[in-house]
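Please read the structure below before turning to the comments.
Each reported figure results from applying straightforward, stated rules to the coordinates on display, with no laboratory input. Given the structure is predicted, the values throughout are model-derived calculations rather than measurements. Positions of Cβ are backbone-derived with ideal geometry, glycine not excepted, and every protein chain shown enters the neighbour counts.
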Amino acid sequence: MQINKMNSVEALVPQTGGTNTGDYISLKNVIKAFVVVHIDQGDADTAVITIEQATSVGAGGTTPITKTVPIWSNLDCAASDVLVARTAAVSYETDAGVKHKIVIFEIDPATFDIANGFDCMMVKIVVGAASKVSALYLLEQRYSGAVEITD
């Protein structure tokens, strides 16, 4: 992976509780995307994270992904810096521990329903009212200078 072909896009600015939806991005010029979610779990509710595909960055035809993707997490960042591989899935639910957590999804754009025009994505995070979340997209681009926030 060449650093000059990497891009980062702020998916979700730090927000508190409820249903939080990230920005939509296009994967047309992306080889691989990593969705990095930070959770400051302030209550004993679990956090549920899903990745949704769409036909445009304007949220056209949004639907949850249907093919499993690799997922890693660290459910207690204060105790360790080790990411643990989780069972590949279309979503991830944390435990209820009141901890700082990181969850990472590895997205291969080829797993999307490209035949039906799904080449965009977003992250959705549902957490308890006292929790805070944010997310970042790390993108390996086909060529440097590609823009993912437009179709």
### Query
If you rank 68, 55 by fewest surrounding Cβ atoms within 10 Å, what's the result?
68, 55
### Query
What percent do you get for the relative contact order of the chain when only Cα pairs under 8 Å and 6+ apart count?
47
### Förster radius 30 Å - calculated FRET efficiency between residue 113 and residue 83 (Cβ-Cβ, nearest 0.05)
0.60
### Task
Quick one: order 102, 125, 71 by neighbouring beta-carbon count within 10 Å, fewest to most.
102, 71, 125
#### Entry: Full-extension gain in nm, residue 56 to residue 90, via 0.36 nm per residue minus C-alpha separation
10.2 nm
### Query
Any idea how many Lys pairs in the chain come in under 28 angstrom at the alpha carbon, given 8 or more places apart or on separate chains?
19
### Query
Measuring from a point 7 Å past the Cα of residue 106 along Cα-to-C-beta, which residues in the range 23-50 have an amide N at less than 20 Å?
27-38, 49-50
### Query
Based on the mean of other beta carbon atoms within 10 Å per residue, what is the order of 42-48, 61-67, 18-24, most packed first?
18-24, 42-48, 61-67
#### Entry: Peptides ranked, highest mean first, by Cβ atoms within 10 Å: ranges 79-86, 136-143
136-143, 79-86
#### Entry: Label-point separation in nm, residue 63 to residue 13, each point 7 Å along Cα→Cβ
3.3
### Summary
Footprinting proxy, 121, 6: sorted fewest to most Cβ within 10 Å, the residues are 6, 121
### Message
I need the calculated FRET efficiency for the pair residue 143 and residue 44, taking r as the beta carbon distance and R₀ as 41 Å, to the nearest 0.05.
### Response
0.35
